[in-house]
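The values are calculated or read from the model by the stated rules, or taken from the named source; none is laboratory data. Source: prediction; values computed, not measured. Please note: Cβ atoms are built from the backbone with ideal geometry, for glycine as well, and neighbour counts cover all protein chains shown. SASA here: full protein model, heavy atoms, side chains in, ligands and nucleic acids out. Shrake-Rupley method; radii C 1.70, N 1.55, O 1.52, S 1.80 Å.
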Amino acid sequence: MTWTAPGSDGGAAITSYTVQAYAGGVPQAGKTCTLSSPFTPPLTCPVLGLTNGTGYTFRVTATNSVGTGPASGDSPLATPAATAPGAPTIGTATAGQGQVAVTWSAPAANGSPISGYTVQAYAGGVLQAGRTCAVSPPAVTCTVSGLTNGTGYTFRVTATNGVGTGPASGDSATATPAATAPGAPTGVAATTDTGGSVSVTFTAPATNGGSAITGYTVTAQPGGRTGTCASSPCTVTGLTVGTSYTFTARATNGAGSSPESTPSAALLVAVAPGAPTAVTAVPGDGTATVSFTPPAATGGTPITGYTVTVAPGGRTVACAAPPCTVTGLSNGDPVTFTVRATNAKGDSPESAAGAAVTPLPAPPAPASPTATASASAVTVTWTASAAANVTGYTVTASPGPATCTTRVTDPNPTSCVVGGVAGTTYTYTVTAESTSGPSPASPPSTATTVAAPATPATPPPTELTLTTDRGDISTAVPGQQITVIGTGFAPHSTATITIYSTPTQLGTVVTDENGNFSVPVTVPAALAAGVHTVVALGAAPDGSLRAMDLTVTVGARSSSGALPVTGAAAARLAVVGLLAIAAGVLLVRTTRAGRRRRPGLLPPGSAYAR
């Protein structure tokens, strides 16, 4: 709407004008516009929000400080109609790899909503066919792709509504696309491991950054060892056997290198193990037990098993660890064995062959042995077996449980001593031992009865000392019980316990499986006071007599039945006495408790050394 000022301002300056739209003579609420001072001719004001295709008239009122004057007459009828949008205002142009991102500000829609924008690229002012992009509102940015890296471009934007396309914006600033580093490779995997050398595969990146990829670099961790290649796969060398590695890959073009890829799964670098060493075999009855030392070099991964190869013939036997047992061999035929180790990477070389061995059956039963009795022992002798695989012999007494064994490497392998219980009649059998197992038992020997050692008139000379369950004692009293302990006798044999000066036998005892004994004996009640010797006499493991003694001083029994206490025991009782005096009322209880005897303890006054 345009109009002219009224002829009179009513004596006060006009401050504003208001234009009101009418349709069919009816004012249209909200369809107004206001023009405020200062005014610059021509006086004009747009009324917005009208309906296209509807006829409108307009009236204008003027307002000053006094108020609003009368409205003008109706304007001519005017019918609004939409037009194409205005020109967008160009914004920024940001170059990328083969593309440019363009921004702008929306123009006036001119009565019809904007339905889209089109961006067009120009090079040197020349329109570049096909180098466009289009978006719909409210977007006001668009990326033109397919551009040539290194070429400068400007851009213009047009807006389109229901009427048509409006004028183009002005030119943007010049933007020059450039290549970038490629994307990172994907799908990295370590595949073939040849012992310190690993082949790594990967998938090329989805984008090359606008410049051809010139190569790839694969990096191993830990350590950072690398390998390069023009395409997948890449090989990384110089890796440490026994170490687990992950691998990443990066791509390189003229603009630089990509980020590192996601690491591969870990791979343990390994090789086949070294060969076992020190192969030996023990032959049996149609069998052999093969022993060896596992290889020091496992190849970086655990050994899963071993294979023994028999020569001649080449038959193989598998086992998880040494020793390996090989069966099905021919008795009497010499054989040798080699061993190889296996891990996840393969087999080791064959070991050096062990010395040849000859499987043989178990030996036949020896002939009946000869048994010769002595004090508390029997010497058993027999004829050696002719079998080549005999390793020793075992003699068994009946009744048992006494046995003895020899080895063929002993100075006298066909004789041994068996302890015996005095008064018992025994027979003996012999079994030949071999790597193929024991022979049948021999026929039994002639029955033999074992006698106890004869008691000498005086203590036999010996440097072997008996002890007691309370250590070495030096005193005793008549009627006192002493537990005597002896060692080193023939197993399962009789030993006699005698006290001197005048020999008085205190008892007998049968040794245990180790040739030891512990037996309680009682000092004779009528034994005279003085120095006496307790003697244990029996068979040594070699069948000779074995004597052990203990010297004690026997005193007269006191009225209380106990000897005075000396040494450490006296000191302990002194401390107890002092504590009792200090405790006062506890004295009586302590005194009573001191009168009670604990079973197995030496009586007061029996000193012993520790």
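Per-residue answers, yes or no, for (1) among the β-branched types (Val, Ile, Thr); (2) within 17 Å of residue 9 (Cα to Cα):
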{"position": "37", "(1), (2)": "no, yes"}
{"position": "51", "(1), (2)": "yes, no"}
{"position": "64", "(1), (2)": "no, yes"}
{"position": "71", "(1), (2)": "no, yes"}
{"position": "83", "(1), (2)": "yes, no"}
{"position": "88", "(1), (2)": "no, no"}
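Based on what the data block shows, is residue 336 closer than 24 Å to residue 388 by Cβ and more than 43 Å from the chain's Cα centre (by Cα)? It is false that residue 336 is closer than 24 Å to residue 388 by Cβ and more than 43 Å from the chain's Cα centre (by Cα).
For residue 356, the requirement of being within 46 Å of the chain's Cα centre (by Cα), aliphatic (A, V, I, L, M) and within 30 Å of residue 278 (Cβ to Cβ) is met.
Restricting attention to the stretch 173-221, the residues that are free of Cβ contacts under 8 Å to residues at least 60 places away in the same chain and over 41 Å from the mean Cα position of the chain (by Cα) total 4. Residues of the stretch 427-444 being under 19 Å from residue 377 (Cβ atoms) and either in a loop (DSSP other than H, G, I, E, B) or open to solvent by 10 Å² or more (accessible area, probe 1.4 Å) (or both), which ones? Of everything in the stretch 427-444, those that are under 19 Å from residue 377 (Cβ atoms) and either in a loop (DSSP other than H, G, I, E, B) or open to solvent by 10 Å² or more (accessible area, probe 1.4 Å) (or both) turn out to be 427, 429, 444. In the set 387, 318, 341, only one residue is within 55 Å of the chain's Cα centre (by Cα), of a type in the set (Gly, Ala, Ser) and outside any strand (DSSP E or B); that residue is 387. Report whether or not residue 424 is open to solvent by 30 Å² or more (accessible area, probe 1.4 Å) and over 58 Å from the mean Cα position of the chain (by Cα). Criteria met by residue 424. Among the residues making up the stretch 150-186, those that are aliphatic (A, V, I, L, M), part of a loop (DSSP other than H, G, I, E, B) and either within 30 Å of residue 217 (Cβ to Cβ) or open to solvent by less than 20 Å² (accessible area, probe 1.4 Å) (or both) are 178, 179, 181, 184. Within the stretch 7-36, the residues that satisfy the criterion of being assigned to a loop (DSSP other than H, G, I, E, B) and either within 12 Å of residue 74 (Cα to Cα) or open to solvent by 60 Å² or more (accessible area, probe 1.4 Å) (or both) are 7, 8, 9, 10, 11, 13, 24, 25.
Counting only strands (runs of 3 or more DSSP E) that sit completely within the stretch 472-577, those holding 1 or more residues that are touching a Leu at 6+ places or on another chain (Cβ under 8 Å), open to solvent by 10 Å² or more (accessible area, probe 1.4 Å) and at pLDDT 90 or above correspond to 481-486, 504-510, 517-522, 530-539, 545-554. With respect to residue 64, determine if the residue is touching a residue at least 12 places away in the same chain (Cβ under 8 Å) and surrounded by 15 or more Cβ atoms within 10 Å (Cβ to Cβ). Considered against the rule, which asks whether it is touching a residue at least 12 places away in the same chain (Cβ under 8 Å) and surrounded by 15 or more Cβ atoms within 10 Å (Cβ to Cβ), residue 64 comes out as yes. Exactly one residue out of 251, 275 is of a type outside the set (Val, Ile, Thr), at pLDDT 95 or above, within 16 Å of residue 218 (Cα to Cα) and open to solvent by less than 70 Å² (accessible area, probe 1.4 Å), and it is 251. Taking the listed residues 441, 397, 457, the one that is of a type in the set (A, V, I, L, M) and touching a Cys at 6+ places or on another chain (Cβ under 9 Å) is 397, with no other qualifying. Counting only residues that are of a type in the set (Ser, Thr, Tyr) and over 11 Å from residue 160 (Cβ atoms), which one in the stretch 85-134 is surrounded by the fewest Cβ atoms within 10 Å (Cβ to Cβ)? In this case the residue turns out to be 105. Selection of the stretch 135-149 for residues being in contact (Cβ under 8 Å) with a residue 24 or more places away in the chain and open to solvent by less than 60 Å² (accessible area, probe 1.4 Å) yields 137, 140, 142, 144, 146, 147, 149.
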